[in-house]
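**Student:** Quick one: the structure is below, and I'll ask about it shortly.
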Amino acid sequence: MWPVTIGVVNKVLLQVASLAVFVLLFTAGLRAQTITDKEQKITVDVKNESLQNILLNIESQSSFRFAYDAALISGLSRISFRAIDQPMTDVLNNLFKGTGITFSISGNQVILQKSQQSKVTLSGFTSDKKNGELLIGTNIYFPAIKRGTVSNRYGFYSITIPAADSLEVEISYTGYQTFRTVLTGRKDVKLNIQLNHREDSFTFKPVIVVNDKDNAVTRNQVDLIDLTADMITATPAVSGNGDIINAVQLSAGVQAGMDGTAGYLVRGGNADQNQVLLDEATLYNPGHLLGLVSVFNSPAIKKATLLKGGFPASYGDNLSSVLEVQMKDGSDQQLGGELQLGTMTSSLALCGPIIPGKSSFFLSARRSTIDYLLRPVSTTAYFSNYYFYDLNAKLQFQLSPNDRVYFSIYQGYDKGAYNSNGEDDGYNKEDYIDYNIAFGNRTFGARWNHVFSKKLFSNTSLVYTSYFQRLSTIEKNYFAELYSGIRDLHARTDLYYYPNVSHRIRVGADYLQQSLFPATLSDKVSSAGFLGINENDIPQRSSDRFAAYVGDDYKISSRFNIYAGVRIPLYRKVDVQYMNVEPRLSLLYLTGANSSVKLSYSNMHQYINLVQSYNATFPAEIWMGSSNKVRPQGSHQVSAGFYKNVSGKMYQASLEVYYKTMSDQLLLKGGGSSSVIDNNLEDQLIFGKGWSYGSEFIVRKTIGRIKGWISYSFTNAFQQFDSLNQGVAFPLAINRKHSLYVLCNYDFDKHWSASATAYVTSGRSVTLNSGSGNQNGNPLYDEDDHNEAYNHQLSPYNRLDVSVSYKKSRAAANRTFTSEWVLSVFNVYAHKNTQFYYRSIDPQTKKPYIKEIPFFPVIPTLTYKLSF
């Protein structure tokens with residue numbers, strides 16, 4: 001039996017082996033035939049032919065047949081193609097190049113498919129779901145690859161990343177719920193994101209939050225401070241509504257002027273070296289009410305950003321800083337607003353849709369009320385008749401998914417006076433002084449945003465600005481008046497290009513036509529009085545400035561990032577021309593997950609100057625432009641910093657150091673007697689140089705019921721003029737060597753919160769001429785002996801402000817009504833900080849001294865707000 005079985009098995013194995021050999025030989029034959037067919041020469045020479053006909057032509061010359069979905073090629077345009085006696089595979093590779101079509105060969109079939117993308121682009125806009133307001137600086141983050149980006153100042157974002165079957169993305173913004181979704185990762189996606197407000201116990205009250213995905217450690221910017229609406233309203237302010245300038249003045253490296261002055265000083269620079277922008281329009285004076293209130297009405301503001309150095313190439317024209325403020329667009333969903341009634345200011349803001357989902361408006365008006373309250377009880381010694389007002393308006397239209405148009409208007413006005421008569425019971429008639437000030441900003445802007453593609457975005461704007469400032473004073477029968485007028489017409493266009501996740505490129509050009517109207521007048525008061533400056537009689541001084549720039553923020557690796565850019569401004573007048581090349585560089589290196597070091601260099605030039613009089617015995621300043629006698633100011637600044645997050649980013653600390661040089665600095669020699677307007681002020685200028693260096697340290701706490709920061713700044717700033725102070729360098733007039741600021745905000749619960757800010761700084765320097773005489777007997781100007789400059793230091797400055805607020809919200813008729821009471825106290829312990837000073841002569845010793853006039857000792861304010 002066994003032999004029979006073995007024989008059967010052998011027979012079966014032989015048949016199987018024979019079949020296997022046959023299959024292998026047949027397959028090899030087919031493969032050889034396929035390879036031979038692939039190498040078959042094909043000739044195609046067509047013009048303006050459809051792809052379908054070209055494929056039929058190839059089929060007629062070979063044994064291959066094409067298999068594809070007709071929709072794959074139906075949308076392709078006609079092409080011209082030429083291939084003479086080329087192998088089949090070469091012909092197909094060249095034919096399908098750039099069409100998004102790939103092919104594979106199986107037997108005698110050529111299978112056509114749409115090519116899979118190696119990279120995909122996610123782009124769109126981010127906005128508030130409730131009102132449609134575009135959100136600036138929204139974080140778009142992909143956790144799997146640890147890459148992300150932020151929306152630009154117009155709410156647009158674009159990021160190109162490696163393709164995948166699915167992509168998880170997180171979209172977050174301060175004070176809003178984080179949005180998470182999973183996208184198909186094999187094709188480009190246009191995603192417009194709407195975020196909901198986060199309603200929890202720590203966002204009912206103002207909070208200070210730093211974005212996790214774009215914080216100071218990972219952002220390639222040494223000297224940038226983001227001022228969100230929450231951060232602004234967390235600082236006590238006499239307006240009862242938070243204040244941008246207050247928040248700026250609490251920042252490391254920033255110094256407030258004296259009480260009663262609206263400006264601020266950055267890293268040893270003058271107030272005019274700070275550019276202040278509202279919806280891209282320049283504001284030449286950012287304050288109201290002697291600096292107590294800024295021109296920025298908080299209900300009208302979306303976001304603000306302060307740059308102190310490391311300037312990108314898109315910024316220019318000012319040496320020290322840029323404060324960029326964006327106004328709210330208004331709600332395109334429903335009508336809303338805010339009413340504010342206060343003892344210092346009162347205001348009304350309204351917003352709503354013009355066409356729901358397509359267009360919106362925003363309107364706000366504000367006026368001081370303290371002048372009405374103080375007028376019956378105040379003396380003439382203080383600015384009891386000081387008043388101001390401002391107006392904001394904005395329209396927004398979405399013309400298409402890729403086009404938006406904006407129109408913005410701002411107007412503000414201040415007027416006040418100080419009279420020392422009645423200042424105290426023993427006032428000396430010889431000390432009598434009358435000081436008057438009036439100024440105003442007005443702007444109009446039109447902007448067009450356009451999305452060219454998923455990677456290219458543009459903004460084009462046209463902005464008109466006008467400003468005037470009139471200062472006048474009378475002392476001992478002498479008067480002086482200074483007038484400044486500015487008119488700007490500014491056009492610019494910017495392109496934002498996002499080629500891939502590692503590059504963010506920005507390129508643009510702008511043109512500024514500027515007219516200045518400077519004039520001074522000083523003389524003895526006659527029996528008939530005196531005639532002031534008529535601005536219509538001042539000859540205008542016009543100039544043109546054109547600038548082009550390009551910059552690239554390049555992420556070289558996961559740890560190293562570099563920004564490089566250049567700006568080229570060209571300034572022209574009838575008799576002079578200046579062209580400069582301004583390189584910009586910023587470096588970032590992550591030393592760990594929660595720490596980094598940064599280094600930056602920037603070169604800047606400035607063509608307009610707020611010139612201060614070095615020998616005036618009262619605050620005297622005037623705006624003047626560059627000319628054949630006045631060269632543009634220039635600066636070189638190098639800064640470096642170390643940044644660290646501690647305890648899960650609950651605490652954020654940074655240490656920055658800098659060195660800055662400034663060329664072509666200028667001061668004005670005031671005085672003389674002239675009964676006619678003096679418009680040729682260049683002959684009264686002296687020229688020199690300046691430099692500053694210092695360090696800035698800040699610690700922030702951003703999480704928990706207690707939030708805030710402590711900052712300390714050390715600044716040394718000097719100027720040197722050959723014709724002043726015997727050519728010896730002297731301290732910059734406005735500089736305060738030491739500055740310590742503290743902000744603390746505490747949330748008791750969702751209704752009650754309290755805030756406090758403390759300021760402690762050195763006194764600023766002023767000139768005290770040791771001689772007892774005035775210039776030609778004029779007490780408003782010292783005798784100009786060129787031997788002394790800023791040799792006297794005013795009293796140190798310190799102040800504590802506090803505020804307490806109670807907020808309650810209720811829902812009714814698909815709407816939330818929020819009411820809030822805010823009690824604020826400015827200068828709680830009534831320290832006598834200098835607001836105004838002038839030089840006087842002691843009647844007994846006959847020696848000069850500086851008389852310091854303090855500001856209001858304590859200012860309590862009560863404000864009620866209702867928003868809906």
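FYI, it's all coordinate maths here, none of it is from the lab. All figures in this text were calculated on a predicted structure; none of them were measured in a lab. Positions of Cβ are backbone-derived with ideal geometry, glycine not excepted, and every protein chain shown enters the neighbour counts.
**Student:** For His503, His831, which order do you get if you count the other beta carbons within 10 Å of each Cβ and list the fewest first? Before the final figure, lay out each step's value.
**Tutor:** Details: His503 13, His831 17.
Listing His503, His831 from fewest to most nearby Cβ atoms yields His503, His831.
**Student:** In addition: Under the rule of at least 5 residues apart or a separate chain, name every residue whose amide H is placed under 5 Å from the amide H of Val189.
**Tutor:** Excluding prolines and chain starts, which carry no amide H, the hits are Thr121, Leu122, Ser123.
**Student:** Separate question: How are the Cα pair distances of region 39-114 distributed, in percent, across 5 Å bins from 0?
**Tutor:** So the P(r) values, bin by bin, are 3, 15, 30, 30, 18, 4, 0.
**Student:** Further, regarding this structure: Based on the alpha carbons, how large is the Rg to Rh ratio for region 119-195 when Rh follows Kirkwood? Provide the component values of the computation, followed by the final result.
**Tutor:** On the way: Rg = 11.7 Å, Rh = 12.4 Å.
In region 119-195, Rg relative to Rh is 0.95.
**Student:** In percent, what relative contact order does region 119-195 have, based on Cα pairs under 8 Å that are 6 or more apart in sequence?
**Tutor:** On the way: 179 pairs, mean separation 30.4, N = 77.
So the answer I get is 40 percent.
**Student:** List the lysines whose Cα lies under 21 Å from the Cα of Lys524, skipping any in the same chain that are fewer than 8 positions away.
**Tutor:** Partners within reach: Lys429, Lys476, Lys669.
**Student:** Another question, if that's okay. Using the Cα gyration tensor of region 240-330, with a ≥ b ≥ c the square roots of its eigenvalues, what is the shape: rounded (a/c below 1.5), prolate (a/b larger than b/c) or oblate (neither)? Don't jump to the answer; show the numbers that get you there.
**Tutor:** Values: a/c = 1.73, a/b = 1.09, b/c = 1.59.
Oblate, since a/c reaches 1.5 and b/c is not below a/b.
**Student:** Could the peptides 98-107, 317-326 be put in order, highest first, of the mean number of other beta-carbon atoms found within 10 Å of their residues? Provide the component values of the computation, followed by the final result.
**Tutor:** Values: 98-107: 13.1, 317-326: 24.4.
In decreasing order of mean packing, 98-107, 317-326 become 317-326, 98-107.
**Student:** Which cross-chain or sequence-distant (5 or more) residues have an amide H under 5 Å from the amide H of Leu135, H modelled 1.01 Å from N in plane?
**Tutor:** Thr126, Ser127, Asp128
**Student:** Compute the length gained on full extension between Ser60 and His738: take 0.36 nm times their separation in residues and subtract their Cα-Cα distance, giving the result in nm to one decimal.
**Tutor:** On the way: separation 678, 0.36 × 678 = 244.08 nm, distance 8.77 nm.
So the extension gain works out to 235.3 nm.
**Student:** Can you put Asp683, Asp488 in order, fewest other beta carbons within 10 Å first?
**Tutor:** Working: Asp683 8, Asp488 20.
Starting with the residue having the fewest Cβ neighbours, the order is Asp683, Asp488.
**Student:** How would you classify region 287-399 from its alpha-carbon gyration tensor, with a ≥ b ≥ c the square roots of the eigenvalues: rounded for a/c under 1.5, else prolate if a/b is greater than b/c, otherwise oblate?
**Tutor:** Values: a/c = 3.64, a/b = 1.25, b/c = 2.90.
Oblate, since a/c reaches 1.5 and b/c is not below a/b.
**Student:** Report the extension gain between Thr591 and Ala144 in nm, rounded to one decimal, defined as 0.36 nm multiplied by the number of residues separating them, less their alpha carbon distance.
**Tutor:** Numbers: separation 447, 0.36 × 447 = 160.92 nm, distance 2.16 nm.
Full-extension gain reported as 158.8 nm.
**Student:** Placing +1 at every Lys and Arg Cβ and -1 at every Asp and Glu Cβ, with all other atoms neutral, what dipole size does region 549-629 have around its Cα centre, in debye to the nearest 20?
**Tutor:** On the way: 8 positive and 5 negative charges, 32 e Å.
With Lys and Arg at +1 and Asp and Glu at -1, about 160 debye.
**Student:** Now for a different question. Using alpha-carbon positions, what is the distance between the centroids of region 542-573 and region 303-366, in Å?
**Tutor:** Cα centroid to Cα centroid, the span is 26 Å.
**Student:** Tell me, Glu170, Glu656, Glu621, Glu682 in order of fewest to most beta-carbon neighbours within 10 Å?
**Tutor:** Details: Glu170 16, Glu656 24, Glu621 20, Glu682 13.
Exposure proxy ranking, most exposed first: Glu682, Glu170, Glu621, Glu656.
**Student:** List the pairs from Lys303/Lys701; Lys598/Lys660; Lys598/Lys629; Lys114/Lys454 whose alpha-carbon separation is above 27 Å, in the order I gave them. It would help to have the intermediate numbers written out before the result.
**Tutor:** Working: Lys303/Lys701 20 Å; Lys598/Lys660 17 Å; Lys598/Lys629 39 Å; Lys114/Lys454 20 Å.
In this structure, Lys598/Lys629 lie more than 27 Å apart at Cα.
**Student:** Just how many % of Cα pairs in region 72-183 lie over 21 Å apart, if you round to the nearest whole percent? Don't jump to the answer; show the numbers that get you there.
**Tutor:** Details: 3512 of 6216 pairs.
Roughly 56 percent, rounded to a whole number.
**Student:** For Tyr829 and Gln844, calculate 0.36 nm times their separation in residues minus their Cα-Cα distance, and state this gained length in nm to one decimal.
**Tutor:** The Tyr829-Gln844 span can extend by a further 2.0 nm.
**Student:** Something else now. For region 509-597, just run the numbers: alpha carbon Rg, then divide by 2.2 N^0.38 Å, N being how many residues it has.
**Tutor:** Working: Rg = 24.4 Å, N = 89, 2.2 N^0.38 = 12.1 Å.
Expressed relative to 2.2 N^0.38 Å, the Cα Rg reads 2.02.
**Student:** Using the beta-carbon distance between Val566 and Ala491 and R0 = 30 Å, what value does 1/(1 + (r/R0)^6) give for FRET efficiency, to the nearest 0.05?
**Tutor:** Working: r = 21 Å, r/R0 = 0.70.
Computed FRET efficiency for Val566 and Ala491: 0.90.
**Student:** Going down the table (Lys308/Lys865; Lys130/Lys808; Lys41/Lys97; Lys129/Lys644), which pairs top 28 Å between alpha carbons? List each step's numbers first, then the result.
**Tutor:** Details: Lys308/Lys865 34 Å; Lys130/Lys808 19 Å; Lys41/Lys97 19 Å; Lys129/Lys644 34 Å.
Lys308/Lys865; Lys129/Lys644, as the Cα separations exceed 28 Å there.
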